[in-house]
Amino acid sequence: MDLSDIRREYLQGGLRRENLLADPIDQFEVWFKDSVKAKVNTDPTAMCVATVGPDGRPSQRIVLLKHFDQRGFVFYTNLGSRKASEIEQNPNVCLHFGWVPLERQVIIYGRARQLSVTETTAYFLSRPRESRIAAWTSHQSQKVSGRKMLEQAFAQMKARFAEGDIPLPSFWGGYRVEATEIEFWQGGGNRLHDRFMYSKDETGQWLIDRLQP
């Protein structure tokens, strides 16, 4: 299959400095709302989380953004997973949102910090009952012989928690990524894409630089 002729022009419109908000979290909120409104995909909260293992090899996966504010970007996971293990050893992570129909990307660089049990519990108890049971069922990232074993384990957990509430597992938690740099990418004609990087100076103020495409 020849991929060389699969190409498109980026015609949604450019991004100019005067259109940017001073705070990147505010700018992210504008673009996030645009992605929800445009229904660019079935899950606008989907983001790629990249981590680095102790051997220097990167790994990435799609997770769901569950909250964001001035403090950072929040997601939840099994604390025994590969991503959690790598974050424990190296908290530097990269998040990526790709809203292709809008010809936009947002790339967030920062440090991941584990959320408190109180904050994690509040979110866990808001999840659908089956999702909470699944959290108890899965030993994330561990090998399993087949799907049947997962389904059997799920059924056993469902029976175990047939009555009453489902508590937070000790091996399940959340992370907040505290951003140090945030890039906004807007596709442009003739591959002259618009890229702006927000980065913090020594006083904690956000600076904005245009990057070449």
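The values are calculated or read from the model by the stated rules, or taken from the named source; none is laboratory data. Because the structure is a prediction, the values reported are computed rather than measured. As a convention, Cβ positions derive from the backbone with ideal geometry for all residues, glycine included, and neighbour counts pool all protein chains shown. The accessibility values were calculated without ligands, DNA or RNA, using every heavy atom of the protein model including side chains. Shrake-Rupley method; radii C 1.70, N 1.55, O 1.52, S 1.80 Å.
One table, with the values for the structure above:
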{"read-out": "Residue, surrounded by the fewest Cβ atoms within 10 Å (Cβ to Cβ), within the stretch 15-27, restricted to residues that are in contact (Cβ under 8 Å) with a residue 24 or more places away in the chain, under 25 Å from the mean Cα position of the chain (by Cα) and not in a helix (DSSP H, G or I)", "value": "Ala22"}
{"read-out": "Every residue from the stretch 113-152 that is over 18 Å from Ile166 (Cα atoms) and among the small types (Gly, Ala, Ser)", "value": "Ser116, Ser141, Ser145, Gly146"}
{"read-out": "Filter result (under 15 Å from Ser141 (Cα atoms), in contact with a helix residue (DSSP H, G or I) (Cβ under 7 Å, 6 or more places away or on another chain) and in a strand (DSSP E or B)) within the stretch 52-66", "value": "Ser59, Arg61"}
{"read-out": "Residue match in the stretch 188-195 (condition: of a type outside the set (Gly, Ala, Ser), buried (at least 19 other Cβ atoms within 10 Å of the Cβ) and either under 20 Å from the mean Cα position of the chain (by Cα) or at positive phi (or both))", "value": "no"}
{"read-out": "Those residues of the stretch 112-138 which are more than 26 Å from Cys94 (Cα to Cα) and outside any helix (DSSP H, G or I), in sequence order", "value": "Leu125, Ser126, Pro128"}
{"read-out": "Long-range neighbours under 7 Å by Cβ, at least six apart or interchain, first residue open to solvent by less than 80 Å² (accessible area, probe 1.4 Å) within the stretch 120-141, second of a type in the set (Lys, Arg) and at pLDDT below 95", "value": "Ile133/Lys158"}
{"read-out": "Whichever residue in the stretch 67-109 is part of a helix (DSSP H, G or I) and buried (at least 20 other Cβ atoms within 10 Å of the Cβ) and, among such residues, is nearest to the chain's Cα centre (by Cα)", "value": "Lys83"}
{"read-out": "Number of the exception - Arg57 against (1) in contact with a Lys or Arg (Cβ under 6 Å, 6 or more places away or on another chain); (2) modelled with pLDDT of 95 or more", "value": "(1)"}
{"read-out": "Residue check for Leu150: outside any loop (DSSP other than H, G, I, E, B), surrounded by fewer than 16 Cβ atoms within 10 Å (Cβ to Cβ) and in contact with a helix residue (DSSP H, G or I) (Cβ under 8 Å, 6 or more places away or on another chain)", "value": "yes"}
{"read-out": "Qualifying residue in the stretch 29-38 (condition: exposed (fewer than 14 other Cβ atoms within 10 Å of the Cβ), of a type outside the set (Val, Ile, Thr) and within 29 Å of Ile87 (Cβ to Cβ))", "value": "yes"}
{"read-out": "Any pair with Cβ under 6 angstrom, 6 or more apart, that starts in the stretch 89-102 at a residue that is among the polar types (S, T, N, Q) and ends at one that is surrounded by fewer than 16 Cβ atoms within 10 Å (Cβ to Cβ)", "value": "Gln89/Pro54"}
{"read-out": "Close pairs from the stretch 46-61: first more than 15 Å from Gly110 (Cβ to Cβ) and open to solvent by less than 50 Å² (accessible area, probe 1.4 Å), partner assigned to a loop (DSSP other than H, G, I, E, B) and of a type in the set (A, V, I, L, M), Cβ under 9 Å, at least 6 apart", "value": "Ala46/Leu65"}
{"read-out": "The stretch 160-213, residues that are in contact (Cβ under 8 Å) with a residue 24 or more places away in the chain, of a type in the set (Val, Ile, Thr) and under 23 Å from Gly110 (Cβ atoms)", "value": "Val177, Thr180, Ile182, Ile208"}
{"read-out": "Of residues in the stretch 110-119 being touching a helix residue (DSSP H, G or I) at 6+ places or on another chain (Cβ under 9 Å) and closer than 12 Å to Trp172 by Cα, the one surrounded by the most Cβ atoms within 10 Å (Cβ to Cβ)", "value": "Leu115"}
